[in-house]
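The values are calculated or read from the model by the stated rules, or taken from the named source; none is laboratory data. What you see is a predicted model; the values in this text were computed from it and never measured. All Cβ positions, glycine included, derive from the backbone under ideal geometry; neighbour counts span all protein chains shown.
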Amino acid sequence: MSDLGTLRDRLTHVLETRSAELKVAGAVVAVSVGGERVAVAHGSANLNTGQPFTTDTGFLLGSVTKVLVTTALLRLVERGAVDLDAPARRYVPEFTLADPDAAAAVTVRMLVNHTNGIDSDGLCPTPVRGRDASRSYTEHLPRMGVLFEPGTYLHYTNPGFVLAGRILEEQTGLPFELAIERELFEPCGMADATGVQTQAFLRRTAIGAYTDPETGALRATPRFTLGESLAGGGSTLIVTVDDLMAFGRMHLSGGIAPNGARVLSTEWVDAMRTPTFDLGLPQGPPMGLGWWLFPVAGTTAPWHGGGSPNGVSSFGILPEHDAVIASFATGGGRAVMNDLLHVAAVEELTGRSVTAPIDVTPTPAHDAVAGEYRAFQTRIVAEKDGDALVLTRHSEPYDEDHAAQSLAYATGMTDPVPLPYRGVAPGQYAPADADESALGGFYGRMGLVAAVPADGARRAGLHTGFRYYPKTA
Amino acid sequence: MSLSPSELQKEVDRIVEKHGVPGMVVATWQGGVRATAAAGVANLNTGQPFAADTGYLTGSITKVWLSTLLMTFVEEGTLDLDLPLVAYAPEVQFGADVEVAKTLTVRHLMNHSNGVDTSDLFVDSREYPDGVEDYLPRIAAAPKLTEPGVVSSYNNIGWIVAEIVLRRLSGRTFHELLQERVIEPLGLRRTVFSPREAILHRTAIGSFPAAAGRHEPTPQFMYPSAWAAPGTTIVTTVDDTLTFLRMHLADGLVPDGGGDARVLSAASAQAMRTPTSADPTGPASGFGLGWMYNEQDGRRVFSHGGGSPGGCAYALVSPDDDLALAAFVNSIAGMPPLADLVDAVLPAGPSPLAPPVIGAVRTDVDLAPFLGRYQRVTQRVEIVPSPDGDGVLVRLVPLPDDLVGATFPTMTDVKEFRAVPTAEDTLVSHGPAFAGSATALHFSEPGPDGYELVYLGKRLARRTGEAAAR
């Protein structure tokens, strides 16, 4: 493993040489190895005000929150307040689904390992803020179905984590924004982290940026955050890279924060990194509790990504190398930049190359893959074009509120655009313009599309971005 | 004579330096010309300087915006300012006295003459908009300070009730309606209702004086959002506010609208500037509808201040001078710098921010009628003879209902200051009292135990019948 100076140089080099071409407005990355840490920031934290991105700039954590929520939930399990294998309904009084039997079958464990199957992925009501915000999400669930029998498959679950957040609220008697401070930020010594969004004003906080589709210019996001109702899934927390270093080090040490506080038992820290479900697909690595367990460069990296309006975060640990890696970027190329930074860090730390998770073999698109697929409000139309596959994502907003959110989340990317894919293995497709090295990164892997067969009652479908889209036509 | 833009900038620089506040931003309309100036640091944590377009919490100036909105409903005939509130919101009881509550009107809310003892009350509520409803049970138990329609005593909660009336008759919230009927017609781009929108642009944060002439940044950005109508949520710029003020100077016309686009009818704009209720000091000051007025030698100016955690905003129009001013200082001690600013900008009186004139101390005035304990829901006023025999000692004891105020460095502090009589019914503080400036206490309703009412900080408190602690 090379020393941190080399790592810092490499990360700086990536930021300085690739930001303009990738259209990244601002970014930050930090790596902690043993007792040392490097952090590099680049560009602008806010294109409206010109504030530079600094290593102490806060940013929206996005779905990395799910690992924090899992950690906090397991503290309650450890205290005996919550039973992981009990029905979630026991702890969330208002929880039900369109199919009450399916709701009864959802256990607390399934909330945090993406196996509950609840079909409400992009839902994020905005009107209610503050203490009742999470409930304003759960009150929509009686209208929602499940994509498969709970516990039997894997589909990225924002609703599961909203419910986990509700358990935190019910058990602590505090609204989520305060519960997470008490149960996670304070014990871990995450000194600049906040769940209270108005506090973001008080210090340096980044806002997202997107690429104007007409002019190609970088612009500030028109909206700062998604609705507070999705707090448990990750719409509200704001952290700095050093907060994430403290959180990561706590996990690496088996549950003791850098400040010496015992946050979680070693038993539960290990359980989070132990596979609980395996899709058996390269784009969906084994799932622990909270953590996705990515095989990379000869080791396993528990990892999570995060999205916010026009911003992307990435956070992982390398237990075998005593390392924590965290990054955040804004602008059109924000996901790719996160991958480049993490890949650079992983390669420096492990001394090995990061490669695509499959042996890329050009494979013609299978006829049977053409058709329509749907989960919640996302409809994917798949058409063959010679050997290639063309996928067009349509978003049919649930309501006006949802439509406005979609617009804000990825501004400039809202029209359904047909994207070409090429077959890279039987039943596996990659974006036609992605080269193999791009497939090695965490987001790059998530972008692979798998055609998955039917299995009993579960329909054939596509699996991509950790999400299952059953075939509807 | 108007201040040119560079003169305004010099004045702002001088004021910030003199008072030692972190910074200030100002926009003026004088002699048909708009000028802006900014100085100092807008955020003590990040070091971001004030710019002409730095946003800030406008605080209670919101009441003038909300009044403007209410007048649009009066114009379309859906709101009558003199019908009882219960005609619009039968389930709302404003004040414990049921019979009085049935006579209260929206006018009583807009000119602070409702007499209900609720000003500055915070309830442990949900966020806006639902949290507004959480105030209803509490206000139905509020005691009476005065009969309605007699005198103005600043009452924030009256505006929460006004929004509830607006919701009942329109089915929509004040934020939505203001956006539609005022903000969009004026073409304002930087007036927003939530920190989540304001964070996209430069925004100031407040600060509190700490030891040794420094300021500490506020630990909390804003007051609870359920107080949106009295004024805790709107973030705006001096430019946007100036456009709003110019609309009022133009009696409702959209400024630079190039035509007859209006936000308000001339009659509505003028009605807002017509005195409808005086404060206890007499007819020279009081309220129109929303606007505070000050009158001197036949001249009237209309204004409103706005408080936020560690910040003071201010807005003023002088129709006689075709003058408007919008300003913000990011310190809780922002009133003295704002008073200096008004002095520099306003060509002639009255200045609503002029500190009380101490004039001659009246040694012949009997102190006994002043002494005792007075109270309103969130403050107790204790007046005892000064130990050194010179005037009285005034103690202001905050009585916060919940801990929302306790987050701030100064909010639970007991303020104590000496005061001396300048008239039979008036005491004036010696030295700084409120937020760095002198204050006057006006007394009224003489009774067997002394005066029944004291008026300070624009609010009345009533004698409680207990002897003050010595």
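For residue B:202, which of the numbered conditions (1) of a type in the set (Lys, Arg); (2) crowded, with 24+ Cβ neighbours inside 10 Å; (3) within 26 Å of residue B:291 (Cα to Cα) fails to hold?
(3) is the only condition that residue B:202 fails.
In the list B:136, B:178, B:188, which residue meets the criterion of being modelled with pLDDT of 95 or more, under 26 Å from residue B:461 (Cα atoms) and aliphatic (A, V, I, L, M)?
Residue meeting the stated conditions: B:136.
Looking at A:254, A:216, A:195 in this structure, which one is closer than 30 Å to residue B:218 by Cα and of a type in the set (Gly, Ala, Ser)?
Going through A:254, A:216, A:195 in turn, just one is closer than 30 Å to residue B:218 by Cα and of a type in the set (Gly, Ala, Ser): A:195.
State whether the residues of segment B:234-241 include one that is assigned to a strand (DSSP E or B) and either within 30 Å of residue A:220 (Cα to Cα) or in contact with a helix residue (DSSP H, G or I) (Cβ under 7 Å, 6 or more places away or on another chain) (or both).
Yes, there is a match, as at least one residue in segment B:234-241 is assigned to a strand (DSSP E or B) and either within 30 Å of residue A:220 (Cα to Cα) or in contact with a helix residue (DSSP H, G or I) (Cβ under 7 Å, 6 or more places away or on another chain) (or both).
Is there any pair linking a residue in segment B:131-157 that is over 30 Å from residue A:133 (Cα atoms) to one that is of a type in the set (D, E, K, R) and surrounded by fewer than 22 Cβ atoms within 10 Å (Cβ to Cβ), with Cβ under 7 Å and at least six apart or on different chains, and which?
Matching pairs, first to second residue: B:144/B:97; B:145/B:462; B:154/B:458.
Which of the helices (runs of 4 or more DSSP H) contained wholly in segment A:94-186 include at least 3 residues that are within 20 Å of the chain's Cα centre (by Cα), more than 14 Å from chain B (Cβ to nearest Cβ) and within 30 Å of residue A:258 (Cα to Cα)?
Where helices (runs of 4 or more DSSP H) fall fully within segment A:94-186 and carry at least 3 residues being within 20 Å of the chain's Cα centre (by Cα), more than 14 Å from chain B (Cβ to nearest Cβ) and within 30 Å of residue A:258 (Cα to Cα), they are A:108-111, A:158-172.
Yes/no matrix, rows are residues, columns are (1) buried (at least 22 other Cβ atoms within 10 Å of the Cβ); (2) more than 14 Å from chain B (Cβ to nearest Cβ); (3) in contact with a Ser or Thr (Cβ under 7 Å, 6 or more places away or on another chain); (4) of a type in the set (A, V, I, L, M):
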site: A:32; (1), (2), (3), (4): yes, yes, no, no
site: A:35; (1), (2), (3), (4): no, yes, no, no
site: A:49; (1), (2), (3), (4): no, no, no, no
site: A:65; (1), (2), (3), (4): yes, yes, no, no
site: A:71; (1), (2), (3), (4): yes, yes, no, no
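Mind checking which residues of segment A:188-201 are hydrophobic (A, V, I, L, M, F, W, C), crowded, with 21+ Cβ neighbours inside 10 Å and within 14 Å of chain B (Cβ to nearest Cβ)?
Result: A:200, A:201.
Can you tell me which residue among A:467, A:459, A:374 is under 22 Å from the mean Cα position of the chain (by Cα), modelled with pLDDT of 95 or more and over 26 Å from residue A:338 (Cβ atoms)?
A:374
Scan segment A:326-349 and give yes if some residue there is charged (D, E, K, R), part of a helix (DSSP H, G or I), over 15 Å from the mean Cα position of the chain (by Cα) and within 21 Å of residue A:13 (Cβ to Cβ), otherwise no.
For segment A:326-349, residues charged (D, E, K, R), part of a helix (DSSP H, G or I), over 15 Å from the mean Cα position of the chain (by Cα) and within 21 Å of residue A:13 (Cβ to Cβ): present.
For (1) modelled with pLDDT of 95 or more; (2) touching a strand residue (DSSP E or B) at 6+ places or on another chain (Cβ under 7 Å); (3) outside the structural domain of residue A:19 (by TED's automatic domain parsing), each residue gets a yes or a no:
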| residue | (1), (2), (3) |
| --- | --- |
| A:317 | yes, yes, no |
| A:327 | yes, yes, no |
| A:334 | yes, yes, no |
| A:381 | yes, yes, yes |
| A:408 | no, no, yes |
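Is there a residue in segment B:87-108 that is touching a strand residue (DSSP E or B) at 6+ places or on another chain (Cβ under 9 Å) and within 24 Å of residue A:129 (Cα to Cα)?
No, that holds for no residue.
Each row is one residue, and each column tells you yes or no for (1) outside any loop (DSSP other than H, G, I, E, B); (2) not hydroxyl-bearing (Ser, Thr, Tyr).
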residue	(1), (2)
A:27	yes, yes
A:32	yes, no
A:70	yes, no
A:92	no, yes
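Kindly indicate whether any position in segment A:202-223 is within 14 Å of chain B (Cβ to nearest Cβ), surrounded by 20 or more Cβ atoms within 10 Å (Cβ to Cβ) and assigned to a helix (DSSP H, G or I). First the steps, then the outcome.
Initial filter on segment A:202-223 (within 14 Å of chain B (Cβ to nearest Cβ)): A:202-210, A:219-223.
Filter once more, so that each one left must be surrounded by 20 or more Cβ atoms within 10 Å (Cβ to Cβ): A:202, A:204-210, A:220-221, A:223.
With the extra rule that they be assigned to a helix (DSSP H, G or I), the set shrinks to A:202.
Checking segment A:202-223: at least one residue is within 14 Å of chain B (Cβ to nearest Cβ), surrounded by 20 or more Cβ atoms within 10 Å (Cβ to Cβ) and assigned to a helix (DSSP H, G or I).
Give segment B:194-226 a look and list any residue that's facing chain A (nearest Cβ under 10 Å) and either in a strand (DSSP E or B) or among the polar types (S, T, N, Q) (or both), or say none.
B:194, B:203, B:217, B:218, B:220, B:225, listed by residue number.
Can you run down the residue pairs with Cβ atoms below 6 Å, 6 or more apart or on separate chains, where the first is in segment B:191-204 and touching a residue at least 24 places away in the same chain (Cβ under 8 Å) and the partner is surrounded by 24 or more Cβ atoms within 10 Å (Cβ to Cβ) and of a type in the set (Gly, Ala, Ser)?
Here the result reads B:192/B:198; B:198/B:55; B:201/B:55; B:203/B:55; B:204/B:42, each pair linking segment B:191-204 to a residue that is surrounded by 24 or more Cβ atoms within 10 Å (Cβ to Cβ) and of a type in the set (Gly, Ala, Ser).
Being of a type outside the set (Ser, Thr, Tyr), touching a Phe, Trp or Tyr at 6+ places or on another chain (Cβ under 9 Å) and surrounded by fewer than 22 Cβ atoms within 10 Å (Cβ to Cβ), is that true of even one residue in segment B:228-246?
Yes; the residues of segment B:228-246 include at least one that is of a type outside the set (Ser, Thr, Tyr), touching a Phe, Trp or Tyr at 6+ places or on another chain (Cβ under 9 Å) and surrounded by fewer than 22 Cβ atoms within 10 Å (Cβ to Cβ).
Please verify whether segment A:54-69 includes one or more residues that are touching a residue at least 60 places away in the same chain (Cβ under 8 Å), in contact with a Leu (Cβ under 9 Å, 6 or more places away or on another chain) and basic (Lys, Arg).
no
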